[in-house]
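Trainee: Below is a structure I'd like to ask you about.
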Amino acid sequence: MLTARWHLKPGLPLETTRVAKHNRQLNANSFETGWCKFVINPGRKMETQIEQNIRSVQSRIADAATACGRSPEDVTLLAISKTFPVESISQAAAAGLSKFGENRVQEAEGKILHFRERSEFEWHLVGHLQSNKARRAAELFDVIQSLDSIRLAVKLNQECLEIGKRLSILLQVDLGQEETKFGADPERLREIIERLSLHEGLRLDGLMTIPPFFEDPEQVRPYYVRLRELRDELESEQTGCLGRKHLSMGMSHDFEVAIREGATIVRIGTSIFGSRHYG
(Lines give C-alpha, C1' and ligand atoms only; values in the text may rest on other atoms or scores of the structure.)
Protein backbone atom coordinates (compact mmCIF):
# COMPACT_ATOMS: atom_id res chain seq x y z
CA MET A 1 0.00 0.00 0.00
CA LEU A 2 1.30 3.43 -0.94
CA THR A 3 0.10 6.31 1.19
CA ALA A 4 0.87 9.89 0.17
CA ARG A 5 0.14 12.94 2.30
CA TRP A 6 0.60 16.25 0.51
CA HIS A 7 -0.29 19.62 2.00
CA LEU A 8 -1.43 21.95 -0.76
CA LYS A 9 -1.50 25.00 1.53
CA PRO A 10 -1.54 25.49 5.31
CA GLY A 11 -4.86 24.34 6.68
CA LEU A 12 -5.82 22.46 3.51
CA PRO A 13 -4.39 18.92 3.83
CA LEU A 14 -5.10 16.41 1.12
CA GLU A 15 -4.46 12.78 1.94
CA THR A 16 -4.74 10.04 -0.61
CA THR A 17 -4.34 6.32 -0.02
CA ARG A 18 -3.81 3.95 -2.86
CA VAL A 19 -6.40 1.24 -2.30
CA ALA A 20 -7.48 -1.01 -5.14
CA LYS A 21 -11.19 -0.48 -4.69
CA HIS A 22 -10.84 3.33 -4.45
CA ASN A 23 -8.01 4.22 -6.79
CA ARG A 24 -7.21 3.26 -10.36
CA GLN A 25 -3.75 2.57 -11.73
CA LEU A 26 -3.28 4.52 -14.99
CA ASN A 27 0.29 3.62 -15.88
CA ALA A 28 3.66 3.09 -14.25
CA ASN A 29 3.97 6.73 -13.26
CA SER A 30 0.43 7.78 -12.39
CA PHE A 31 -2.66 6.75 -10.49
CA GLU A 32 -6.09 8.22 -9.96
CA THR A 33 -7.76 8.74 -6.59
CA GLY A 34 -11.35 9.51 -5.86
CA TRP A 35 -10.43 13.20 -5.90
CA CYS A 36 -7.99 13.73 -8.71
CA LYS A 37 -5.31 12.22 -10.87
CA PHE A 38 -1.73 12.26 -9.61
CA VAL A 39 1.29 12.12 -11.88
CA ILE A 40 4.49 10.73 -10.42
CA ASN A 41 7.68 11.97 -12.03
CA PRO A 42 10.83 10.24 -10.76
CA GLY A 43 13.02 12.76 -8.96
CA ARG A 44 10.21 15.32 -8.67
CA LYS A 45 7.40 15.86 -6.19
CA MET A 46 4.05 14.27 -6.84
CA GLU A 47 1.85 16.63 -8.87
CA THR A 48 -1.82 16.72 -9.69
CA GLN A 49 -3.32 16.75 -13.15
CA ILE A 50 -4.36 20.36 -12.55
CA GLU A 51 -0.74 21.37 -11.92
CA GLN A 52 0.35 19.55 -15.05
CA ASN A 53 -2.39 21.29 -17.04
CA ILE A 54 -1.30 24.69 -15.75
CA ARG A 55 2.29 24.11 -16.84
CA SER A 56 1.03 23.16 -20.30
CA VAL A 57 -1.19 26.25 -20.58
CA GLN A 58 1.61 28.53 -19.40
CA SER A 59 3.93 27.06 -22.00
CA ARG A 60 1.34 27.63 -24.74
CA ILE A 61 0.82 31.22 -23.57
CA ALA A 62 4.56 31.83 -23.71
CA ASP A 63 4.83 30.32 -27.19
CA ALA A 64 1.88 32.36 -28.53
CA ALA A 65 3.22 35.60 -27.06
CA THR A 66 6.75 35.03 -28.31
CA ALA A 67 5.49 34.18 -31.78
CA CYS A 68 3.99 37.65 -32.16
CA GLY A 69 6.81 39.57 -30.48
CA ARG A 70 5.14 40.00 -27.11
CA SER A 71 6.40 39.16 -23.64
CA PRO A 72 4.58 36.30 -21.89
CA GLU A 73 4.52 38.50 -18.78
CA ASP A 74 2.12 40.82 -20.62
CA VAL A 75 -0.57 38.14 -20.57
CA THR A 76 -2.44 37.37 -17.35
CA LEU A 77 -3.75 33.84 -16.87
CA LEU A 78 -7.15 33.98 -15.20
CA ALA A 79 -8.23 30.54 -14.01
CA ILE A 80 -12.00 30.18 -14.42
CA SER A 81 -13.00 28.11 -11.42
CA LYS A 82 -16.78 28.20 -11.80
CA THR A 83 -18.46 24.91 -10.77
CA PHE A 84 -15.18 23.58 -9.35
CA PRO A 85 -14.61 23.07 -5.60
CA VAL A 86 -12.12 24.77 -3.32
CA GLU A 87 -9.86 21.71 -3.56
CA SER A 88 -9.34 22.37 -7.25
CA ILE A 89 -8.57 26.03 -6.57
CA SER A 90 -6.06 24.96 -3.90
CA GLN A 91 -4.29 22.75 -6.44
CA ALA A 92 -4.13 25.64 -8.91
CA ALA A 93 -2.75 27.89 -6.19
CA ALA A 94 -0.12 25.28 -5.36
CA ALA A 95 1.02 25.62 -8.99
CA GLY A 96 1.42 29.38 -8.54
CA LEU A 97 -1.89 30.80 -9.74
CA SER A 98 -3.54 33.58 -7.73
CA LYS A 99 -6.17 35.05 -10.07
CA PHE A 100 -9.51 33.28 -10.34
CA GLY A 101 -12.71 33.98 -12.24
CA GLU A 102 -16.25 33.10 -11.24
CA ASN A 103 -19.58 33.40 -13.05
CA ARG A 104 -22.08 33.75 -10.23
CA VAL A 105 -21.98 35.82 -7.07
CA GLN A 106 -23.75 33.19 -4.98
CA GLU A 107 -21.42 30.34 -5.95
CA ALA A 108 -18.32 32.50 -5.65
CA GLU A 109 -19.12 33.78 -2.16
CA GLY A 110 -18.35 30.51 -0.39
CA LYS A 111 -15.07 30.09 -2.25
CA ILE A 112 -13.92 33.65 -1.68
CA LEU A 113 -14.72 33.44 2.03
CA HIS A 114 -12.94 30.09 2.27
CA PHE A 115 -9.75 31.73 0.98
CA ARG A 116 -10.23 35.07 2.76
CA GLU A 117 -6.83 34.77 4.43
CA ARG A 118 -5.10 34.43 1.06
CA SER A 119 -4.52 38.13 0.50
CA GLU A 120 -2.64 37.48 -2.75
CA PHE A 121 -5.74 36.04 -4.40
CA GLU A 122 -7.55 38.25 -6.90
CA TRP A 123 -11.16 37.42 -7.75
CA HIS A 124 -12.82 38.40 -11.03
CA LEU A 125 -16.51 38.25 -11.83
CA VAL A 126 -16.82 37.25 -15.49
CA GLY A 127 -20.51 36.34 -15.62
CA HIS A 128 -23.53 38.59 -16.04
CA LEU A 129 -24.28 40.70 -12.98
CA GLN A 130 -27.81 41.64 -11.99
CA SER A 131 -28.32 44.98 -10.26
CA ASN A 132 -29.82 43.35 -7.17
CA LYS A 133 -26.53 41.53 -6.54
CA ALA A 134 -24.34 44.61 -7.08
CA ARG A 135 -23.72 45.22 -3.36
CA ARG A 136 -22.43 41.72 -2.63
CA ALA A 137 -20.41 41.65 -5.85
CA ALA A 138 -18.75 44.94 -4.92
CA GLU A 139 -17.86 43.54 -1.51
CA LEU A 140 -16.49 40.22 -2.74
CA PHE A 141 -14.71 40.84 -6.03
CA ASP A 142 -11.54 42.71 -6.93
CA VAL A 143 -12.49 43.06 -10.61
CA ILE A 144 -15.82 42.93 -12.39
CA GLN A 145 -15.31 42.16 -16.07
CA SER A 146 -18.97 42.14 -17.07
CA LEU A 147 -20.17 45.73 -16.73
CA ASP A 148 -22.55 46.22 -19.66
CA SER A 149 -24.83 49.20 -18.96
CA ILE A 150 -25.01 52.66 -17.44
CA ARG A 151 -27.73 51.44 -15.09
CA LEU A 152 -25.46 48.77 -13.63
CA ALA A 153 -22.58 51.24 -13.40
CA VAL A 154 -24.72 53.65 -11.38
CA LYS A 155 -25.71 50.87 -8.96
CA LEU A 156 -22.18 49.53 -8.58
CA ASN A 157 -20.78 53.01 -8.04
CA GLN A 158 -23.33 53.71 -5.31
CA GLU A 159 -22.46 50.48 -3.51
CA CYS A 160 -18.71 51.09 -3.81
CA LEU A 161 -18.99 54.59 -2.37
CA GLU A 162 -21.00 53.26 0.57
CA ILE A 163 -18.41 50.59 1.43
CA GLY A 164 -15.42 52.85 0.69
CA LYS A 165 -14.02 50.87 -2.20
CA ARG A 166 -12.80 51.74 -5.68
CA LEU A 167 -13.56 48.79 -7.93
CA SER A 168 -11.71 47.86 -11.10
CA ILE A 169 -14.10 47.10 -13.95
CA LEU A 170 -13.97 46.04 -17.57
CA LEU A 171 -16.65 47.01 -20.05
CA GLN A 172 -18.13 43.93 -21.72
CA VAL A 173 -18.70 44.54 -25.41
CA ASP A 174 -21.30 42.61 -27.41
CA LEU A 175 -19.59 41.95 -30.73
CA GLY A 176 -21.45 38.78 -31.68
CA GLN A 177 -24.99 40.12 -31.26
CA GLU A 178 -26.13 36.78 -29.81
CA GLU A 179 -29.39 36.74 -27.87
CA THR A 180 -27.95 34.47 -25.19
CA LYS A 181 -25.01 36.74 -24.38
CA PHE A 182 -24.72 40.12 -22.74
CA GLY A 183 -22.61 43.18 -23.42
CA ALA A 184 -22.75 46.82 -24.39
CA ASP A 185 -23.50 47.85 -27.96
CA PRO A 186 -20.22 48.97 -29.56
CA GLU A 187 -22.00 52.10 -30.78
CA ARG A 188 -22.70 53.14 -27.18
CA LEU A 189 -19.21 52.66 -25.77
CA ARG A 190 -18.28 56.33 -25.89
CA GLU A 191 -21.45 57.34 -24.08
CA ILE A 192 -20.92 54.73 -21.36
CA ILE A 193 -17.25 55.63 -20.92
CA GLU A 194 -18.13 59.30 -20.57
CA ARG A 195 -20.64 58.48 -17.84
CA LEU A 196 -18.18 56.17 -16.09
CA SER A 197 -15.67 58.99 -15.78
CA LEU A 198 -18.10 60.62 -13.33
CA HIS A 199 -18.25 57.59 -11.01
CA GLU A 200 -15.56 57.85 -8.34
CA GLY A 201 -16.21 54.36 -7.02
CA LEU A 202 -15.30 52.70 -10.32
CA ARG A 203 -12.09 52.52 -12.32
CA LEU A 204 -12.48 51.47 -15.94
CA ASP A 205 -9.49 49.33 -16.89
CA GLY A 206 -10.34 47.96 -20.32
CA LEU A 207 -12.67 45.88 -22.45
CA MET A 208 -13.93 42.30 -22.41
CA THR A 209 -15.81 40.21 -24.95
CA ILE A 210 -17.29 36.73 -25.32
CA PRO A 211 -17.50 35.97 -29.05
CA PRO A 212 -19.63 33.28 -30.71
CA PHE A 213 -18.20 29.78 -30.44
CA PHE A 214 -16.58 28.28 -33.52
CA GLU A 215 -14.84 24.90 -33.73
CA ASP A 216 -12.10 26.58 -35.79
CA PRO A 217 -10.39 29.21 -33.58
CA GLU A 218 -9.43 31.18 -36.68
CA GLN A 219 -13.08 32.08 -37.19
CA VAL A 220 -13.01 33.91 -33.85
CA ARG A 221 -10.08 36.11 -34.87
CA PRO A 222 -12.18 38.96 -36.40
CA TYR A 223 -13.94 39.50 -33.07
CA TYR A 224 -10.63 39.83 -31.25
CA VAL A 225 -9.26 42.12 -33.92
CA ARG A 226 -12.33 44.33 -33.55
CA LEU A 227 -12.03 44.54 -29.76
CA ARG A 228 -8.40 45.60 -30.10
CA GLU A 229 -9.33 48.18 -32.70
CA LEU A 230 -12.06 49.57 -30.42
CA ARG A 231 -9.61 49.90 -27.54
CA ASP A 232 -7.07 51.67 -29.71
CA GLU A 233 -9.70 54.00 -31.19
CA LEU A 234 -11.05 54.95 -27.76
CA GLU A 235 -7.59 55.53 -26.34
CA SER A 236 -6.55 57.65 -29.32
CA GLU A 237 -9.62 59.84 -28.82
CA GLN A 238 -9.17 60.15 -25.05
CA THR A 239 -5.85 58.96 -23.67
CA GLY A 240 -6.23 57.10 -20.40
CA CYS A 241 -9.97 56.52 -20.67
CA LEU A 242 -9.43 52.75 -20.39
CA GLY A 243 -6.99 52.78 -17.50
CA ARG A 244 -4.76 49.74 -17.78
CA LYS A 245 -6.07 49.17 -21.32
CA HIS A 246 -6.86 45.52 -20.72
CA LEU A 247 -8.28 43.26 -23.39
CA SER A 248 -9.91 40.27 -21.71
CA MET A 249 -10.51 37.78 -24.51
CA GLY A 250 -9.72 34.20 -25.30
CA MET A 251 -10.72 30.94 -23.61
CA SER A 252 -9.46 27.37 -23.60
CA HIS A 253 -10.11 26.62 -27.28
CA ASP A 254 -8.90 29.91 -28.78
CA PHE A 255 -6.64 31.78 -26.36
CA GLU A 256 -3.59 31.54 -28.60
CA VAL A 257 -5.43 33.42 -31.34
CA ALA A 258 -6.53 36.00 -28.76
CA ILE A 259 -2.96 36.51 -27.56
CA ARG A 260 -1.76 37.11 -31.11
CA GLU A 261 -4.44 39.81 -31.42
CA GLY A 262 -3.43 41.58 -28.22
CA ALA A 263 -5.19 39.87 -25.29
CA THR A 264 -3.82 40.93 -21.91
CA ILE A 265 -6.10 38.57 -19.94
CA VAL A 266 -7.05 35.08 -21.07
CA ARG A 267 -9.85 33.26 -19.25
CA ILE A 268 -8.98 29.56 -19.02
CA GLY A 269 -11.18 26.98 -17.34
CA THR A 270 -11.43 23.60 -19.07
CA SER A 271 -7.75 23.43 -20.05
CA ILE A 272 -6.85 23.82 -16.37
CA PHE A 273 -9.59 22.14 -14.36
CA GLY A 274 -11.04 19.72 -16.91
CA SER A 275 -14.56 19.37 -18.26
CA ARG A 276 -17.39 20.79 -16.22
CA HIS A 277 -20.26 18.65 -15.01
CA TYR A 278 -23.42 20.63 -14.50
CA GLY A 279 -26.19 19.23 -12.42
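Trainee: Can you pull out every residue in segment 142-186 that is modelled with pLDDT under 95 and among the charged types (D, E, K, R)?
Mentor: Within segment 142-186, Glu178, Glu179, Lys181 qualify.
Trainee: Name the residue, out of Ser252, Ser271, that is hydroxyl-bearing (Ser, Thr, Tyr), modelled with pLDDT of 95 or more, open to solvent by 20 Å² or more (accessible area, probe 1.4 Å) and outside any loop (DSSP other than H, G, I, E, B).
Mentor: Going through Ser252, Ser271 in turn, just one is hydroxyl-bearing (Ser, Thr, Tyr), modelled with pLDDT of 95 or more, open to solvent by 20 Å² or more (accessible area, probe 1.4 Å) and outside any loop (DSSP other than H, G, I, E, B): Ser271.
Trainee: Shifting gears a bit: Give, as residue ranges, the helices (runs of 4 or more DSSP H) completely inside segment 143-241 that count at least 3 residues that are among the β-branched types (Val, Ile, Thr).
Mentor: Per the criteria, 150-163.
Trainee: If we keep just the residues of segment 57-107 that are over 27 Å from Arg135 (Cβ atoms) and basic (Lys, Arg), which is least open to solvent (accessible area, probe 1.4 Å)?
Mentor: Result: Arg70.
Trainee: So, one more: Which of the residues belonging to segment 231-249 are in contact with a Ser or Thr (Cβ under 9 Å, 6 or more places away or on another chain) and surrounded by 21 or more Cβ atoms within 10 Å (Cβ to Cβ)?
Mentor: Listed by number, the residues that qualify are His246, Leu247, Ser248, Met249.
The values are calculated or read from the model by the stated rules, or taken from the named source; none is laboratory data. Bear in mind that the values here come from a model prediction, so they are computed numbers and not experimental data. Here Cβ is always computed from backbone atoms with ideal geometry, including for glycine, and neighbour counts include all displayed protein chains. Side chains are part of the model used for accessible areas, which takes the heavy atoms of the whole protein and leaves out ligands, DNA and RNA. Shrake-Rupley method; radii C 1.70, N 1.55, O 1.52, S 1.80 Å.
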